[in-house]
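Presented below is the structure to which this report refers.
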Amino acid sequence: MIDVIHAPLKLAADPARVVVRPFHIAIEAGKVAGRPGRVRRIVDAVLALDDAQTEAELELVLRDFEARHWQTRNVFDTRYAAIEQGLQLDGSKISHNKRQLIGAYFCHEYSYAAAALMNPSIICHPDQSGLNGGAMRIAMSLRAVGEGHISSVAFREGILGPGANFELMPEPPFATTADTAKELERGAVEVHRHRDSSLSGTVLFPITEAQRNGLEDLRLVKFTHDDGSAEWIGTYTAYSGSTIRSELLRTHDFRSFIFQPMTGPAARNKGMALFPRKIGGEYLMIGRQDGENLYLLKSPTIDNWGEGELLLTPHYPWEMVQIGNCGSPIELEEGWLLLTHGVGAMRKYSIGAVLLDKEDPSKVLGRTSQPILSPNDDREGYVPNVVYTCGALKQDDMLFIPYGVADSSVAFAWVSIPHLLAGMRAD
């Protein structure tokens, strides 16, 4: 068995973490002969209020919600602007208070992590300034699940090290959603974090129709391009409510983010993980094209992926049902370290690892015969008997693994990389 050091910290769902989101009603909703649509009816009712009534109603809304959110009035202004455009209103004839009140009627409060917080991914933070020796600033993505089981991406920043020490920075009192900036070519969408919002206070929500019911299981990696420039790229599952596909999240600074769809046969599946650089002039991914085995995918472009070649099949009892990746491969002197998840009897999810050849990742050099992490004590939750991660981080000669517990919470652990490699068996 491989020794594991567990951190005392554990993150759980928190219904108190709320954001203001648009409350969407179709412009023509409820429209019947001789009556206005629902949106027009609400707007007309606000416009019919006198100034005193308008001020009183707006004060009531602000009293209830302004202290719970950041930039509340700006959100109301933004929502009013969308309604104005949809109904072709003449805003110059409408008072500021009425515009604010109209905007408020088309917003709602959403608890983005009320149901679960799970399946983290971790990367070295772009900003490493001001740290003591042996410490590393990290950024972690989390799958946050709220009302309607809709998944969004939340972030936390922290300090890792020296040694087996880990501390998360405090969450800001208010969370904000990234705003849509513009639509790009080929279905991509760019969103921006508010200039005054920290990364730990930013939430990325589904935007497109393909993402409508969730952004699931982001696997982040720092990708180094051929020219030496760095970009942080994540693969995630976009869920529409009936279909899934894999997409890319791309950022150079964690202030603007691009949601980029992928094409090709492999994109119809979930659980893809990008290598942190090209190998042999090609982009590489680990995927699970049949829901059972692991495949190595190669492509001349980052957004189009074929079926790939079979890499790994279930072998040991703890992974007999199926295997998959647990984030992007991590480059070591010995090869590419890939965390895997295996599903065994009673649908018990455990985490293991394999080592791939550095020059030819289609060659498996070794794999763990026993899990690194299993749901023993931490097994209760929304989906019991599951541990799962979407990405670990190399910290000197240790592997730092944040992992989801029972699809409900997040825990943290360290594993010695030399001991992990020494415990592997040839495939």
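Please treat every number below as a calculation from the coordinates, not as lab data. Because the structure is predicted, anything quoted here is derived from the model rather than measured. Counting neighbours? That spans all protein chains shown, and the Cβs are built from the backbone with ideal geometry, glycine included.
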Label GLU59 and ASP14 with points 7 Å out from Cα along Cα→Cβ: what is the distance between them in nm?
3.3 nm
If the cut-off is 14 Å between C-alpha atoms, which aspartates and glutamates fall inside it for LYS298, apart from same-chain ones fewer than 8 positions away?
GLU282, GLU307, GLU309, GLU359, ASP360
Nitroxide proxy distance, nm - points 7 Å out along Cα→Cβ at ARG425 and LEU47:
7.5 nm
For region 139-190 and region 280-327, write down the distance between their C-alpha centroids in whole Å.
26 Å
Between 0 and 90 degrees, rounded to the nearest ten: what's the tilt of helix 38-47 against the longest Cα principal axis of the chain?
50 degrees
Fewest Cβ neighbours within 10 Å first, please rank THR235, THR301, THR176 accordingly.
THR301, THR176, THR235
Just rank LYS222, LYS348, fewest to most, by other beta-carbon atoms within 10 angstrom.
LYS222, LYS348
What pairs from LYS10/LYS363; LYS10/LYS348; LYS10/LYS358 go past 28 Å between their alpha carbons?
LYS10/LYS363; LYS10/LYS358
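What ranking do GLU359, GLU57, GLU185 get, fewest neighbouring Cβ atoms within 10 angstrom at the top?
GLU185, GLU359, GLU57
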Please report, in Å, the Rg and the Dmax of the chain, where both are computed over Cα atoms only.
23.7, 79
